[in-house]
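A short write-up of the structure that comes next.
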Amino acid sequence: MMLRSIVRLALVGGAVGIVLGCADPKSEPGADRETRSTARMITWSDDKPAISIDCDNPGGCRTRALAMCKGGNYTVLNMDNMPSSGDVRSVRGPATVVVRCN
């Protein structure tokens, strides 16, 4: 009887872990483990709000920008350490992007 309870608890815990591991990227400011990024609201040089996203890899910045701008429409105001077309695909390290949702 005790063994069944332990096995059942382990199965439920595993299922919860899988669900949390497959969660969508966070759509509000703060840290997000899935995209390995941190987003914060800032005021851009034109005195309008924008979102600054720091991420461990450029793909995480894009995914987080899409999540923060529900609907996926955004304008890039600034980017650092982000690859663009024609760039050599090499490990660049952490990246930063500033976006504004449209």
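The values are calculated or read from the model by the stated rules, or taken from the named source; none is laboratory data. The model shown is predicted, which means the values in this text are computed figures rather than measured ones. Note that we place each Cβ from the backbone using ideal geometry, even for glycine, and neighbour counts take in every protein chain shown. Side chains are part of the model used for accessible areas, which takes the heavy atoms of the whole protein and leaves out ligands, DNA and RNA. Shrake-Rupley method; radii C 1.70, N 1.55, O 1.52, S 1.80 Å.
Scanning segment 30-71 for residues that are under 11 Å from Val99 (Cβ atoms), open to solvent by less than 40 Å² (accessible area, probe 1.4 Å) and part of a loop (DSSP other than H, G, I, E, B) returns a single hit, Cys69. Looking only at segment 72-92, residues that are modelled with pLDDT of 80 or more and either farther than 21 Å from Asp32 by Cβ or not in a loop (DSSP other than H, G, I, E, B) (or both) come to 7 in all.
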